[in-house]
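Working notes, beginning with the structure itself.
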Amino acid sequence: MPDEGSPDSHSELAAKIRFDVPHAARIWNYWMGGRDNYEVDCVTGDAVAAVYPEIVTMAQQSRQFLIRAVQFLAGEVGIHQFLDIGTGLPTMQNTHEVAQRIAPESRIVYVDNDPLVLVHARALLRNTTSEGVTAYVDADLHDPDLIISDARNVLNFNQPVAVMFMGVLGYVVDFDEMRSIVTRVMAAVPSGSYLVLWDGTNTSAAVIRGSATLAESGAIPYNLRSPEQISQCFEGLEMVDPGLVPITLWRPDIADVGKVEPIDAYGAVARKV
Ligand SMILES: C[S@@+](CC[C@H](N)C(=O)[O-])C[C@H]1O[C@@H](n2cnc3c(N)ncnc32)[C@H](O)[C@@H]1O
């Protein structure tokens, strides 16, 4: 966790930001309606949206799923520790804001490996309460042991933790490695912890075209999985109702019941027994 005095200073970080290559976090921010993106990200975002317009809905609905899942965990379940891996650029209603609104003492560790996310994380991911803690780990999700050891500085691993992989595991090329990352992080947290995970699915021809367009742009490709593959990440855990479903259908707000459409992104919340 570098601070302003560390060798990885703000100016050195800024120098790592590439303006000639589209970045995952910034393209996602563009689709979500944020302003932390550059021309190259908008060009790629538009190219993907031209063949798969639902990507914009997916980005926006994924945040609604995050909000509903964190509200459920912080409120109904009483979980007050969150490990959000693949945080993204801070936008509306980030995990710490949702959790600390319900449980002010909530402790949140964010993990991402994008230099722009790191720059913004320092400025924006501040506690919304005096009792809570919000921290950021600059790490690659391919290194779960590093993530766990850094997260231990902030989270108490003897108490339940909500582990979150929200639209990030598609960056892991090999499916067995993807499963193993989830398994290794979940092995480190005690029973009573939860896994919250959603990922893009290969459930329409259009989303597959969108994924191919993204890969052609020079951005890091996103590997779509089948719903069956995603369900394997939850093996050994106890699913919360309604199980693994398109994220729009996971406990929709009352006003949205019967109105929201399924989407090529499946997610679930499950408890470690
Ligand atoms: C599709 S965005 C999702 C952001 C956020 N989870 C959300 O729900 O809005 C994917 C995020 O994963 C991050 N990411 C991509 N590859 C990563 C890696 N190898 N290690 C850590 N983070 C990664 C990107 O920087 C980006 O912020």
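The values are calculated or read from the model by the stated rules, or taken from the named source; none is laboratory data. The shown structure was predicted, so the numbers you read here are calculated from the model rather than taken from an experiment. Positions of Cβ are generated from backbone atoms using ideal geometry, with glycine treated the same way; all protein chains shown enter the neighbour counts. Note: accessible area is taken over every heavy atom of the protein model, side chains too, but ligands, DNA and RNA are not part of it. Shrake-Rupley method; radii C 1.70, N 1.55, O 1.52, S 1.80 Å.
Remarks
- Count - residues of the range 130-145 that are over 22 Å from residue 98 (Cα atoms) and among the aliphatic types (A, V, I, L, M): 2
Rundown of residues vs (1) surrounded by fewer than 16 Cβ atoms within 10 Å (Cβ to Cβ); (2) assigned to a helix (DSSP H, G or I); (3) at negative phi; (4) within 16 Å of the ligand (Cβ to nearest atom), yes/no style:
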site: 105; (1), (2), (3), (4): yes, no, yes, no
site: 108; (1), (2), (3), (4): no, no, yes, yes
site: 119; (1), (2), (3), (4): no, yes, yes, yes
site: 131; (1), (2), (3), (4): yes, no, yes, no
site: 136; (1), (2), (3), (4): no, no, yes, yes
site: 146; (1), (2), (3), (4): yes, yes, yes, yes
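- Test for residue 141: is it open to solvent by 10 Å² or more (accessible area, probe 1.4 Å) and in a loop (DSSP other than H, G, I, E, B): yes
- Complete set of residues in the range 161-194 that are open to solvent by less than 10 Å² (accessible area, probe 1.4 Å) and assigned to a strand (DSSP E or B): 162, 163, 164, 165
- Number of the condition not met by residue 220 [criteria: (1) out of contact with any helix residue (DSSP H, G or I) (no Cβ under 9 Å at 6 or more places or on another chain); (2) at pLDDT below 95]: (1)
- Residue within the range 261-271 that is without any contact (Cβ under 8 Å) to a residue 60 or more places away in the chain and not polar (S, T, N, Q) present: yes
- Flag for residue 150 being outside any strand (DSSP E or B), in contact (Cβ under 8 Å) with a residue 60 or more places away in the chain, open to solvent by 10 Å² or more (accessible area, probe 1.4 Å) and within 15 Å of the ligand (Cβ to nearest atom): yes
- Residue 194 under 27 Å from residue 247 (Cα atoms) and modelled with pLDDT of 95 or more: yes
- When residue 41 is tested against (1) in contact (Cβ under 8 Å) with a residue 60 or more places away in the chain; (2) open to solvent by less than 10 Å² (accessible area, probe 1.4 Å), exactly one condition is not met: (1).
- Failed criterion for residue 205 (all others in (1) open to solvent by less than 50 Å² (accessible area, probe 1.4 Å); (2) without any contact (Cβ under 8 Å) to a residue 12 or more places away in the chain; (3) away from the ligand (no atom under 15 Å from the Cβ) hold): (1)
Here's the yes/no breakdown for (1) closer than 21 Å to residue 262 by Cα; (2) within 10 Å of the ligand (Cβ to nearest atom); (3) free of Cβ contacts under 8 Å to residues at least 12 places away in the same chain:
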{"position": "35", "(1), (2), (3)": "no, no, yes"}
{"position": "57", "(1), (2), (3)": "yes, no, no"}
{"position": "69", "(1), (2), (3)": "yes, no, no"}
{"position": "73", "(1), (2), (3)": "no, no, no"}
{"position": "79", "(1), (2), (3)": "no, no, no"}
{"position": "87", "(1), (2), (3)": "no, yes, no"}
{"position": "91", "(1), (2), (3)": "no, yes, no"}
